[in-house]
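Chemist: Have a look at this one before I ask anything.
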Amino acid sequence: MVNVREASGPIDGRPVGSSILPASAYTDQKVFDTERQQIFESRWVWAGFTHWVAEPGSSRPVSVAGRPLLLVRDREGTLRVFHNICRHRGIVLSEQPSTRGRLRCPYHFWTFNLDGSLCGTPYWDRTKGSGPEPEVRDRLGLLPVPHSEWAGMVFVHLGEPTDSAEELLAPLAERWAPYDLTSLHLAEERRYDVDANWKLVVENFLDFYHLPFVHPQVGPAATLLDIEDQVLSEAVIGGYYPRGASAKASGQTAAGGGGGTALPLLGEIPDGLRDRQDIFCVFPNALVFIEPDFYQVIALEPVAPDRTVEHMAVFVAAEAADAAYDTARKNLSDVLFGVNDQDLPVLRALQQGRHSPAADRNHLVPHWDQITARFQHLTADALAQGATANAPMASNAPAKEDP
Ligand SMILES: [Fe+2]
């Protein structure tokens, strides 16, 4: 863990005076395509929320790097992730969330069990009730995708992972061990279409400097600027307010707390953490925020150089589902989604600014922009890696073995 708050002078060893990433990295379709390949198909990335497939037998289509995937909860409660295409003609298998169990292709009615195995192939040899030989059937199951669940989130890896999702998340899991993230209650979830590049959404989330100016309702500048940068690992970066929650309790919400309401805590939080607010990016696309009584995720789905879908969810402790906390939950949601709403015009204007011929002359400030610089370096380094380093899984289908 490295505290870089005190750093001054060059950012990550490079001179200040310009952004690490050029403005074109936020507008160029070629860069966007390269990011999909070099980052979103080559790393563990957020793909969805576990509550999207809470019920046994449920499934939900999602998209990662433009690749159609299907989240499935089998009858035993195990999460599975598959490439969301039928093994016959490659049509997208499922376009809507479902709770009906077995998956049926809309084209020729091939059906698949929730473990991905093929179980129905009508008129296989043009006769009723026919089907393939068992060894052929066994090769035509849905193709699985490496995945992992943690803290209400689903992570997937579209390439061939050389590390585990647990390794990526370990620094955060360790830091957040006192919080019970296994029995969360979803307070509210919203989807936003944001007119900005996904990297600007990350950078804005990690930009603690703007808080008193864009979100003055959540506290005075003295509180909002009392934040320490934190680097938990190369891929988990952000910051924390040491005295955020105590400011909230006194009516000065540092980053959007419950406005003085008393929600049950997320487990047995030691006294030393009662005041702490954590804000982290799990590179590339999971932005997480935790206080003793709530946990928030803003997850990003880049869809174009200038367009990003945000999936924002606010979670509270399971006991807070009780009707006695209806008002507290609503107050919390109002504050947190209100803060996010305020960022939308900022993000739009940041994106528009990237089209200025002067955009490559903006100036990162060592006192505030170290975390942004780290994020940009991480992105730049990923883009610089050879295109052959991580081939996408999509090319690994055993086509030559298929009948
Ligand atoms: Fe903001």
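Chemist: Restricting attention to the stretch 280-296, which residues are assigned to a strand (DSSP E or B) and crowded, with 22+ Cβ neighbours inside 10 Å? First the steps, then the outcome.
Modeler: Restricting attention to the stretch 280-296, the residues satisfying the condition of being assigned to a strand (DSSP E or B) are 280-282, 286-291, 294-296.
Across the stretch 280-296, the qualifying residues are F280, C281, V282, A286, L287, V288, I290, E291, F294, Y295, Q296.
Chemist: Separate question: If you check every pair at least six apart or on different chains, which have Cβ atoms under 6 Å apart with a residue in the stretch 120-131 that is open to solvent by less than 60 Å² (accessible area, probe 1.4 Å) first and a residue that is of a type in the set (S, T, Y) second?
Modeler: Sorted first by the residue in the stretch 120-131, then by its partner, the pairs are G120/T111; G131/T121.
Chemist: Next question, about the same structure. Could you tell me which of the residues D193, D180, D163 is open to solvent by 40 Å² or more (accessible area, probe 1.4 Å) and within 26 Å of V303 (Cβ to Cβ)? Outline the logic, then answer.
Modeler: Numbers: D180 fails: within 26 Å of V303 (Cβ to Cβ); D163 fails: within 26 Å of V303 (Cβ to Cβ).
The unique qualifying residue is D193.
Chemist: Can I ask one more? Taking R100 as meeting all but one of (1) open to solvent by less than 20 Å² (accessible area, probe 1.4 Å); (2) over 22 Å from the mean Cα position of the chain (by Cα), write down the number of the exception.
Modeler: Of the numbered conditions (1) open to solvent by less than 20 Å² (accessible area, probe 1.4 Å); (2) over 22 Å from the mean Cα position of the chain (by Cα), the odd one out for R100 is (1).
Chemist: Any idea which residue in the stretch 314-336 is nearest to the ligand (Cβ to nearest atom), counting only those that are over 12 Å from L184 (Cβ atoms) and touching a Pro at 6+ places or on another chain (Cβ under 9 Å)?
Modeler: Narrowing the stretch 314-336 to residues over 12 Å from L184 (Cβ atoms): 322-336.
Of the ones still in play, those that are also touching a Pro at 6+ places or on another chain (Cβ under 9 Å) are 322, 325.
Numbers: D322: 31, Y325: 26 Å.
Ranking the qualifying residues of the stretch 314-336, first place goes to Y325.
Chemist: Please go through the stretch 181-236 and pick out each residue that is among the acidic types (D, E) and under 16 Å from C281 (Cβ atoms). Don't jump to the end; show me each part of the working.
Modeler: Step one: list which residues in the stretch 181-236 are among the acidic types (D, E), which gives 188-189, 193, 195, 203, 207, 226, 228-229, 234.
Those that are among the acidic types (D, E) and under 16 Å from C281 (Cβ atoms): E203, D207, E228, D229, E234.
Chemist: I need the full set of residues from the stretch 306-334 which are surrounded by fewer than 21 Cβ atoms within 10 Å (Cβ to Cβ), aliphatic (A, V, I, L, M) and in a helix (DSSP H, G or I), in order please.
Modeler: Scanning the stretch 306-334 gives A318, A321, A323, A324.
Chemist: Can you list the helices (runs of 4 or more DSSP H) lying wholly within the stretch 184-249 that have 2 or more residues being away from the ligand (no atom under 16 Å from the Cβ)? Spell out the reasoning first.
Modeler: On the way: elements: 198-205, 211-214, 221-224, 244-249.
Because the criterion is at least 2 residues that are away from the ligand (no atom under 16 Å from the Cβ), the helices (runs of 4 or more DSSP H) in the stretch 184-249 that meet it are 244-249.
Chemist: Scan the stretch 53-77 for residues that are touching a Leu at 6+ places or on another chain (Cβ under 9 Å), in contact (Cβ under 8 Å) with a residue 40 or more places away in the chain and open to solvent by 30 Å² or more (accessible area, probe 1.4 Å) and report the count.
Modeler: Result for the stretch 53-77: 2.
Chemist: Next question. Would you point out the residue of the stretch 337-353, among those that are within 11 Å of the ligand (Cβ to nearest atom) and in contact with a strand residue (DSSP E or B) (Cβ under 7 Å, 6 or more places away or on another chain), that is most open to solvent (accessible area, probe 1.4 Å)?
Modeler: Looking at residues that are within 11 Å of the ligand (Cβ to nearest atom) and in contact with a strand residue (DSSP E or B) (Cβ under 7 Å, 6 or more places away or on another chain), I get L344.
Chemist: Here is a list: W110, W150. Which entry is touching a residue at least 12 places away in the same chain (Cβ under 8 Å) and either open to solvent by less than 10 Å² (accessible area, probe 1.4 Å) or touching a Cys at 6+ places or on another chain (Cβ under 9 Å) (or both)? Full working, then the answer.
Modeler: Numbers: W150 fails: either open to solvent by less than 10 Å² (accessible area, probe 1.4 Å) or touching a Cys at 6+ places or on another chain (Cβ under 9 Å) (or both).
When all the criteria are applied, what remains is W110.
The values are calculated or read from the model by the stated rules, or taken from the named source; none is laboratory data. Every value quoted in this text rests on a predicted model; they were computed, and no experiment measured them. A quick note on method: Cβ atoms are made from the backbone with ideal geometry, for glycine too, and the neighbour counts reach across all protein chains shown. Accessible surface areas use protein heavy atoms only, side chains included; no ligands, DNA or RNA. Shrake-Rupley method; radii C 1.70, N 1.55, O 1.52, S 1.80 Å.
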